[in-house]
Each structure stands twice: as structure tokens, then as C-alpha cells.
Amino acid sequence: MKNLSILGSTGSIGKNACWVAQHFPEEFSVKALTAAESVETLAAQIAAFKPEMAVVRGREQAQKLALLAGSKACRIAYGPEGYAEAASLPGVDVVVSAMVGAAGLVPTLAAVDAGKTVALANKEALVMAGGLVMERARRSGARILPIDSEHSAIFQCLAGHNRAELSRIWLTASGGPFLNTPAEDFAKITPKMALAHPNWDMGAKISIDSATMMNKGLEVIEARWLFDLEKEQIAVLVHPQSIVHSMVEYRDGSVIAQMGRPDMRCAIAYAMSWPQRLALPVAPLDFYKAPALTFEPPDLKRFPCLGLAFEALEMAQTCPAVLNAANETAVGAFLNKKIAFPQISQVISQTLEAHEPGSENNLDNILRADAWAREFAARGVNG
């Protein structure tokens, strides 16, 4: 039996983590749940799992949750201190880090410092502070297991092999909903169009990131830290069918791929149950009915966000944190119809160009860079 803390339990990843826990009650006990403002969903999860504590963003949400769930249902906390407590709760074995965006960094660090096993969906934590997170994990003995389907695939393809024999990894990308849309039509793209991903059911922010291919760029930076790789060892391949989730190439030319239906529950369950595999009630891949598998290089002219991520990785220091903050600001502006789709990459590029990098091994530097980038990008959005 593993005790769980699910950070971001009302989001897409969090709901699926709850689904896994609910289907395998003999394997998991949920001790803590956190959300931002979705108190109705959180109240229902509290009723289902009866955790020790629940956390929301602020006092107002905490009061509303107490009314919905009942003040005696569990201990209710709020704010950064509450999230950090849920991430480091004594007795918890696995922390599912599924908060969206930069907000997940500090709670993820709290889980790492407490020596927890972290099932990581919050890629932004490693994008912003990969060196810091991994160094603290080495010190505390925390284990970080990836939830992203691509990184889960790499993790599985590396198992049992000599890391010294690795040549490079191939991260596959679906290409999003606009893979074949002419560049001249990008200005006409609406939030509704961008949210309609052809293969995956995801939250709003990650869906827009997939549409711009920034999601793959963030995954490149995440992979650099998760697997201790050089930039030259990370390649991206567009694979519209989303069946090959990623691959590892070895120095003898062999390539090992991890395949499956595009269902996030598989990667989530693997991270939660590792080193076991659960007998999920998920239909296996039918090779007789599977479509032909195609691969092509990404078009960085049409999807410049991916190129910007590689640039930020090359620039290092606080530049990945700035890339992430500018992207979150620009994506929010696009969802609120303040800017057009092509302006997302423009805002990010302008913010990166204006940034004066600082050390990424200092949390205060990282948080200052994040705040500066949001302010600068907001001026670009509004200006």
C-alpha cells in the first residue's frame, strides 16, 4: 500500500491519478489533495478518498470548501505553506506533482527535500530549476519518476541498459491541431480551435502549448535534467499518430521505442506504481487495426516556440525560467483573446532577448527571473 499526496488533483492529470487510486484501492491510499479554485470537484474527491488534509489557493476557497465538504471531513489549509505541507506530509510515500505551471515549483521542491518519491507531471519545475531540483534530490534521496508520456517512454526504454551506451533520445510530438495548417492562416486561429487536440485529452494550458509546440520544447528541457543529457543528445520527431511515445537510440544504431494507445492513465499509473505495472482496464494497442506510423522533422519556422526552447536551454542560467514565465503569460493572454496565436512566440522571443541571465542554482534568482519575465511579457501583451 502506497500513501499518496496528489498536488493539483482537480486538473486533467490529477483527475486521472485519482482514477488510478480509485480503481486500485488495495494499492493506494490518498492522504492529501490540493487544488487552486475548483472547490466543488475537490469536495467530491474528499468525499471519495477521505484524506487527512486538503489545500486550496486562498482563504476564500478554504471557507467555501469547508462548507461543501464539511469542516470535519479533513483538515483544510490554503496558500503556499499549505501546498508545501501537503507535498511533505509525513507518511506519504508518493507525491503526484500535477500542479499547472510555475506554481508547482516550490511544492515539488518541498516533496524532494522531504525525500519523497515524486511522480512528476509538473514539467515547469525542471524547466525553471532543473539543476536545483536534481541536486536536492541527490541530497535527500528523493526519486523523481516522470508522468509525461514521452519521458515515461524514455524511462522505460532506458531500463536495464547501460547508460554509457546511449547515443540520443527521440521525443515524439503529435504536431498538435495545426500540423498541416498553412502559416498564413495562423492569425485566424481561435482558442477554441487550439484547444481541440487531435489525440490527447488535456487541460487548457498544455493544449495551447501542444498547438504551438512549446510543450515539446519544455519537454526537451525537462529531459535534459531528468536523464542528465547534453542538448545534442535530445532530438524531436513529429509523429502524428501518437503511438510511439518516444525512443532511445544506442551507439550501435539500435533504437528502442515504447508504444501504446494515447492514454495518459498508462504513464500516470506506471509512475505511481513503479516498479510494478498495474493491470489497467485500458484497451491494448491493436496492431492489426493501428494506422500506418509516420515521422517527420518539426518545422521550426511555423512553430518557433520549439526553437526558442532549444535556445533557452543553450543559454542556460535563468533563461529557461524566463521562457516558461513568458510562455505562461502569453498563453493566458491568447486564451483571454488579448493576442493572436502567432504573437505567443513573439512575446516569448522579446522577453528572452531582453533578459539578463542569472545563476539557476539559486531559488531566489529563479523566482526573481520568473516575476520579471511575467511583468515584461505582460507589457508586451498589453502594449
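FYI, it's all coordinate maths here, none of it is from the lab. None of the values given here were measured: they were computed from a predicted structure. For neighbour counting, all protein chains shown are included, and Cβ atoms are generated from backbone atoms with ideal geometry for every residue, glycine included.
Taking 20 Å as the cut-off, the amide N atoms of the stretch 338-366 that come nearer than this to a point 7 Å along the Cα-to-beta-carbon line of residue 299 belong to 340-346. With both labels modelled 7 Å from their Cα along Cα-to-Cβ, the residue 2 to residue 382 distance reads 4.4 nm. Here the chain carries DSSP beta bridges of which approximately 25% are antiparallel, counting only pairs with both residues inside. Compared with the direct C-alpha span, the chain from residue 75 to residue 139 gains 20.0 nm at full extension, assuming 0.36 nm per residue. Charged side chains reduced to their Cβ positions (Lys and Arg at +1, Asp and Glu at -1) give the chain a dipole of some 900 debye around its Cα centre. Helical content alone sets the calculated 222 nm signal of the chain at -14500 deg cm²/dmol, taking -39,500 (n - 2.57) per DSSP H segment of four or more residues and averaging over every residue.
Separation of the alpha carbons by more than 27 angstrom is noted, of 64/116; 15/188; 31/64, for 64/116; 15/188.
How big is the chain by the Kirkwood estimate over distinct Cα pairs, in Å? One decimal place: 21.1 Å for the Kirkwood radius. Could you pull out which residues in the stretch 88-124 have an amide N less than 13 Å from a spot 7 Å beyond the Cα of residue 204, following the Cα-Cβ vector? Inside the label zone: nothing.
Pairwise Cα separations in the stretch 331-383 fall into 10 Å bins from 0 onward with the following percentages, short to long: 25, 48, 23, 4. With K and R counted +1 and D and E -1, the other residues having a Cβ less than 13 Å from that of residue 8 yield a net charge of +2. With the simple model of a label 7 Å out from the Cα in the direction of the Cβ, residue 310 to residue 362 spans 3.2 nm.
What residues of the stretch 1-35 lie in the reach of a label at residue 50, counting those whose backbone N is under 12 Å from a point 7 Å from the Cα along Cα→Cβ? Under cut-off, by backbone N: 30. Computed from label points 7 Å out along Cα-Cβ, the spacing between residue 375 and residue 288 is 6.4 nm.
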